[in-house]
Amino acid sequence: MSREKEYSILYLVWRVCVQYIKTSKWQGVLEQLVTIIHALSYTAIIAATRVLFDTITQASQGTMDFWEVATPLAILVALTIGQQIISAAESFISLELSAKNFCRYMEQFQRKIGRLQAEHFEDTDFLNDVFRAKNFIDEEELGDFMSLCFRIVTFFSVFFISVSVYLFSLTPILLLVIVAAFIPALLGQLAQIKIFDELEEENAPLRRQNEYYQEAIASRKNFKETRLLGGFRFFNRLFTETLYDLTQNTWKTERKVALLRTLLNIAAFAGFGVSIFMLFNATMAGDISVGAFAAVFAALTQIFSLMEEIVSSELSSGSEYIGQLNNYYKIMDMDEVGGKEGDADYSKGIIAYKISFTYPDREEKAVNKVSLTIKEGETIAIVGENGAGKSTLVRLLTGLYQPSGGTVKVGGLDTKKIHPNSVYKGISGVFQRYQRYKMSLKDNVYISDTKSEPNKEAIEQALFQAEFNEKTATLDTMLSPEFDGIDLSGGQWQRLAIARGLYRTSKFIVLDEPTAAIDPIEEERIFNQFKDLSKDKCAILVTHRLGSAKLADRIIVMSDGKISDIGTHDELVLRKGLYANMWKAQAAWYSR
Amino acid sequence: MLDIRKYKGIDVLRLPFKVSPFFVVLYFILEFVQAIVPTALLALATAFFVDTAIAIFAGEAVSNAIYLPLWLLLLIVLIINVIGSISTLVESKVRLSVERAYMPEILNVRAHLDYKHIENADSWEIVERVSQGLTERIKNGIDAYGAILRNIISILAVLGLIVTQVWWAAAVVMVISVPLFVVALYAGKKNYDAEVEAYKLERSFVYLSDEVLTNRDAADERTLFGFSDYATKQYSKKHEIARKALLKVSIKIHLFLQSTSISMAIIAFAITFALINPVITGELSPGMFMGIVAAIFGLVETLGWSLQEAAKNLSTSKEFMKDLTKFMELSRADGAADLPDKEPIVFESLEFCNVSFKYPTAKSPILNGLSFSLNAGKHYSFVGVNGAGKTTIIKLITGLYKEYDGEILINGKELRTYPAGTLKALFSVIYQDFARYQISLADNIALGDAAQEAAQEIEEEKILEIASVADLDDAIEELEDGINTPLGKIEDEGVDLSGGQWQKVAIARSLLSRAPIKILDEPTASLDPIAESRIYQEFEGLMKGKTTIFISHRLGSTKLADEIIVINNGGISERGSHDTLMEAGGIYAEMFDSQRRWYE
């Protein structure tokens, strides 16, 4: 895994810019052009204001007539209207573009996630990273960062350079105005970021607790238990205490920040004051006209607030995004499983040789040097206690996980060397965590084999075989009340999951403990059905209902990541090992 | 402080005013100042300065005269610079007061809600929106009113300047700015509606990206079935539909706003145009002209947008107040937050007489004329297929739902006549999805006897003893702070337990409880057979002398029962001992046989 990587800021910015141009194409160029014009319009307005003010001064002295004043006024108004239109166009284009780009970034991300190995999803750190990266796109922060990178050049730089040139042309000393605006804003920002970071650090755990106590009382999951226990007072006390601390802390910091901000504003004011003083001197010395003074003075507020905007909101959010961006590209750059294409030949069966697997955040091996051969058409049952490694073994045998040691060959294809698409081609399954897709009934089945067009008859056939019999549902019925459809009972969802597994053409099928929440009659039905459906396929049945293992040609007993025994049911019972013990424990409840 | 009444848009001010009147008023005073200073006062100061400077150049004034206007100008700039951060501080004071005053109240209401609201999607959505949105919405509401006040005052202030010069221009602005206000507010409302609409469309593609394409649970199917490409295409399609819908509205909104801004610019143009002649004739000083022009063009820049934003916030807070009204009107359960009675009543019998019950949103009843009776000291087992109503029975006897027909009698007296505390003291339930409270292990167990916890701390020894009975010794050994170690990941030093250990904690909690009836609700569904057997055996041993109810579809558990009750189609189809039921050859026998067959 290459997720530990740290990219340099320059590289990240460069990459973001390239990605932006690649995704936005001509629309991006258009957006930036409009932004440049927008930035220039500010300077143009300052210049036009100056001309107007100069003429009005002269007019008051009787050297200009009405129409000579009206012309610069008309120009100023035209520029103002033009600026309004340009800014509307800009925000419109960027709205449009950011929505489109958002979708493209999300597509890229989703496809990338789809190509990563399934085992990563057992790693909580990875899941957190994915969650963060996805949020980063979701909140349009990625897009914001990209446009920020460009905006700094096409808006702020253009504005400040053009204003500088203009001020310079009035009188060179005025360039100092820009410096006087910049330094206090920058200093202020740095201090503020630090204070808020400290606050967040102190408050984050408090907030977490506070939110949790609320949940302990009132979340759907805890509601009935807390009520019955009478736990309200207990949690409510904790809740009010943490709320008190939390608000107290926030208030203290806010006060600190306000004080600091006031000081900074005074510093900014000093910069402002210096600028005014320079203007004033230039005016008094006759270097610039009184009209120029008034025009630049009116623009000063704008220059200062733009400066503050770029430093305090844009740059600081930009610096917050750097970490997120790093994380995002780490995921986009993660290794994918690749390999050659190949065709599986199931007459070679499925062969595992000394395979081991360790979950990312655990120490002990979940599967430890297991060797196993499944012959063509054979049905295998895997039994064992919770945490014995049953599901992990199945995931290794289907190529969902790559063994850290040893090899798995599915129909002669080495899961490490052959492209997963080739390996998965003949494999289907019904998983413990089978999904209840909020889609139409048809799509719920079709989703297992989307490489070809949906085949209506095959879908109906699969539903029929799985004995899905919810009469109110047609193929187009949406299966989610949230999207104005219907909900299914747990049992029907289960059957639907089986139909999904069946719809996918397969030579090798897996049934991973799908019966946990099912009543006994339904359970028996499913097991018998599975036996029928897997007749001439390689099949694996993972279960802790020992009796159901009798359906299999062979039973594999797992314990602590190893195969502790293999045999038919009768053999295993006679051997008096772990299987026989478990069998006895369970059978005892039924012998009366 | 939060009454049950109809909340209106204006309550977004009234609620914070109630808890922090001084700061709310102060905030609006500051808004007022912020409206006057950068417009009218700044214009006056600019005029003063420019006119003095011109006079100096013309030799009509001594050069020292310039310092007073210069200092005035600087003073005004200083005020503009500082007042913003004070205003932010005042606002956060209001926000924090609101949070501190109303959040506990909201939580209190939530804790008292009738249970049916928790299971009902619609009311649950209101509950979530209200508890998550309160402080934010109130803050936005105050902002909105502040912005509107500020805009009105700004316009009036500039008008005040103009009216002394050209009265008719002021009149024109007055007449025209009213419709402009209305248009901007309307655009804001539209924008809000568009967002609400877009949110609905958004859910359809957000679902795919959240719960299908990037999450953990779907990882197995996603990888093996390889549907990422397909689902991503669906995602794009849905996104495109939402985007286009939103685009239509946003074009409209932009046009609206654009017309407001352009009309503003034109008005500004008209006014300044009218001001030229007075300058030439000397009625108006050039400095005043500059001051007014700068102020007017400044307004053009901000007015449209800030009003639109304000309007959007007003709409949101109005909607929020509707939610709040509904939330406060949700029915509540008496004594919901009460502690259990200190001494449970002596339990003799529990009887269902012809009880029927339908979930509020369901079409058909789940229990239909159910009758049975349970007696103290016996072990009962409720079995039945999924959806037969087993768990519903537990919800009824623990008083979560009271809208049933028929009678449920405890010791011969109707359940609904018992106070909540008495019922709570009567039952101890280990739910299938029992709570894993993220508090210390000791507190987790002590909650089993919350009545005592209120009166005096339960002795540590007692907890240790119970924990030991529940076979938690090894787990405690591993914890750094023993039973006082916080569990879960809420606190930094917290430790998470394994699923099995959590289950033992739940059992310990039930053991500590002095409730005479213990209920075990399908606790073994996800356990392996050995763990399952162990739990049954332990529970039986621990609960000797108590009345127990097992709910399960794993029929092995019925071995421990004195009496088995088979629930089917909302009623009792069979009851009796294992042998009787097997002889009868009904559903139970069929179910049992189907399971036993596996073990022959």
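The values are calculated or read from the model by the stated rules, or taken from the named source; none is laboratory data. Predicted model only: the values in this text are computed from it and were never measured. Methodologically, a virtual Cβ is constructed for each residue, glycine included, from the backbone with ideal geometry; neighbour enumeration extends over all protein chains shown. Side chains are part of the model used for accessible areas, which takes the heavy atoms of the whole protein and leaves out ligands, DNA and RNA. Shrake-Rupley method; radii C 1.70, N 1.55, O 1.52, S 1.80 Å.
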Task: Fraction of alpha-carbon pairs over 20 Å apart in the stretch B:187-297 - percent - done: 64
Open item on the list: With 18 Å as the cut-off, how large is the P(r) tail for the stretch A:1-69, expressed as percent of Cα-Cα pairs?
Closed with: 67
TODO: Round to a whole angstrom and tell me the spacing of the C-alpha centers of the stretch A:351-421 and the stretch B:423-449.
DONE: 40
Open item on the list: Quick check on the stretch A:86-131: take the gyration tensor over C-alpha atoms, sort the square-rooted eigenvalues as a ≥ b ≥ c, and tell me if it's rounded (a/c under 1.5), prolate or oblate.
Closed with: prolate
Open item on the list: How big is the dipole moment of the stretch A:108-161 about its Cα centre under a simple scheme where the beta carbon of each Lys and Arg is +1, that of each Asp and Glu is -1, and everything else is neutral? Debye, nearest 20, please.
Closed with: 360
- [ ] For chain B, just the Cα set please: Rg and Dmax, both in angstrom.
- [x] 35.5, 124
- [ ] Distance from a point 7 Å along Cα→Cβ of B:Lys544 to each backbone N in the stretch B:466-506: keep the residues under 16 Å and list them by number.
- [x] B:469-470
Task: Cβ-Cβ FRET estimate between B:Asp562 and A:Ser489, R0 fixed at 35 Å, reported to 0.05 - done: 0.65
Open item on the list: Given the whole protein assembly as supplied and a 1.4 Å probe, what does the accessible area of B:Asp562 come to in Å², nearest 10?
Closed with: 80
Open item on the list: How far apart, in nanometres, would the label points at A:Ile322 and B:Lys18 be if each is projected 7 angstrom from Cα along the Cα-to-Cβ direction?
Closed with: 4.7
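I want the antiparallel fraction of DSSP beta bridges within chain B, as a percent rounded to 5.
55
Can you tell me what share of the DSSP beta bridges in chain A is antiparallel? A percent to the nearest 5 is fine.
Working: 18 of 37 bridges.
Of those bridges, close to 50 percent are antiparallel.
Using a 1.4 Å probe on protein heavy atoms only, how many Å² of accessible area do B and A hide from each other, summed over both chains and rounded to 100?
The buried area between B and A, both sides summed, comes to about 14900 Å².
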Task: Estimated FRET transfer efficiency (B:Val163, A:Asp476; beta-carbon r; R0 45 Å; 0.05) - done: 0.10
Task: For residues of A:502-512, the mean tally of beta carbons on other chains within 10 Å - done: 1
Task: Crossing angle, helix B:228-281 versus chain B [Cα axis fit, 0-90 degrees, rounded to tens] - done: 30
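Rounded to two decimals, what ratio of Rg to Rh does the stretch A:173-233 give with C-alpha atoms and a Kirkwood Rh?
Rg/Rh for the stretch A:173-233 comes to 1.52.
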Open item on the list: For a test of the definition: using alpha carbon positions, the gyration tensor, and the 1.5 limit on a/c, classify the stretch A:517-569 as rounded, prolate or oblate.
Closed with: oblate
Open item on the list: Calculate log10 I(q)/I(0) of the stretch B:123-180 for q = 0.25, 0.28, 0.29, 0.30 Å⁻¹, where I(q) comes from the Debye formula with a single equal point scatterer on each Cα and nothing for solvent.
Closed with: -0.95, -1.04, -1.07, -1.10
Task: Convex hull per residue volume in Å³, alpha carbons only, for the protein assembly as shown - done: 182
TODO: Treating the angle as unsigned and between 0 and 90°, give the value, to the nearest 10°, between the Cα long axis of helix B:42-57 and the longest Cα principal axis of chain B.
DONE: 30
Open item on the list: Less than 17 Å apart at the alpha-carbon level, and either on another chain or at least 8 residues along: which lysines does that give for A:Lys456?
Closed with: A:Lys442
Open item on the list: Need one number: the % of Cα-Cα pairs in the stretch A:434-547 sitting beyond the 22 Å mark.
Closed with: 32
Open item on the list: Using only the alpha-carbon atoms, how far is helix B:286-329 inclined from the longest principal axis of chain B? Give it as 0 to 90 degrees, nearest 10.
Closed with: 20
Task: Sites B:Arg203 and A:Met332, calculated FRET efficiency, Cβ-Cβ separation with R0 30 Å, nearest 0.05 - done: 0.70
TODO: Starting with the highest mean, order A:408-418, B:185-195 by the number of other Cβ atoms within 10 Å, averaged over the residues of each peptide.
DONE: A:408-418, B:185-195
- [ ] Multiply the residue separation of A:Asp414 and A:Phe464 by 0.36 nm, subtract the distance between their alpha-carbon atoms, and state the gained length in nm to one decimal.
- [x] 14.5 nm
Open item on the list: Just checking the output field for B:85-96: average partner chain Cβ neighbours within 10 Å of each residue's Cβ?
Closed with: 4
Open item on the list: Need the C-alpha centroid separation for the stretch B:305-377 versus the stretch A:13-31, integer Å.
Closed with: 53
- [ ] For peptide A:259-268, compute the average count of partner chain beta-carbon atoms within 10 Å of each residue's beta-carbon.
- [x] 4
- [ ] Work out the length of the dipole vector of the stretch B:218-348 about its Cα centre, built from +1 on the beta-carbon of each Lys and Arg and -1 on the beta-carbon of each Asp and Glu, and round it to the nearest 20 debye.
- [x] 940
- [ ] Assign one of three labels to the stretch A:339-393, namely rounded, prolate or oblate, based on the Cα gyration tensor with a ≥ b ≥ c the square roots of its eigenvalues; rounded applies when a/c is under 1.5, prolate when it is not and a/b is larger than b/c, and oblate otherwise.
- [x] oblate
Task: Overall Cα dimensions of the stretch A:52-186 - principal axes, largest extent first, Å - done: 84, 32, 17
- [ ] Using Cα centres only, tell me the gap between the stretch A:299-347 and the stretch B:528-600 in whole Å.
- [x] 57
- [ ] Determine the alpha carbon to alpha carbon distance for each of B:Lys200/B:Lys248; B:Lys358/B:Lys395; B:Lys18/B:Lys189; A:Lys100/B:Lys233 and list only those over 18 Å.
- [x] B:Lys18/B:Lys189
Open item on the list: Can you give the local net charge around A:Met478? Use residues other than it whose beta-carbon is closer than 14 angstrom to its beta-carbon, Lys and Arg +1, Asp and Glu -1.
Closed with: -1
- [ ] Please give the per residue accessible area of the protein assembly as shown, computed with a probe of 1.4 Å over protein heavy atoms only, in Å².
- [x] 41
Open item on the list: If you take every DSSP beta bridge fully contained in the protein assembly as shown, what fraction is antiparallel? Give it as a percent rounded to 5.
Closed with: 50
- [ ] Sticking with the crude label model, points 7 Å out along Cα→Cβ, report the distance from B:Ile29 to A:Phe277 in nm, one decimal please.
- [x] 3.3
Open item on the list: With +1 on the Cβ of every Lys and Arg and -1 on the Cβ of every Asp and Glu, and nothing else charged, how large is the dipole of the protein assembly as shown about its Cα centre, in debye rounded to the nearest 20?
Closed with: 2000
TODO: Using label points projected 7 Å from each Cα along Cα→Cβ, tell me how many nm separate A:Glu363 and A:Trp67, to one decimal.
DONE: 9.4
- [ ] Grab the Cα-Cα distance for B:Asp593 and B:Asp433, subtract it from 0.36 nm times how many residues apart they are, and report the gain in nm with one decimal.
- [x] 54.8 nm
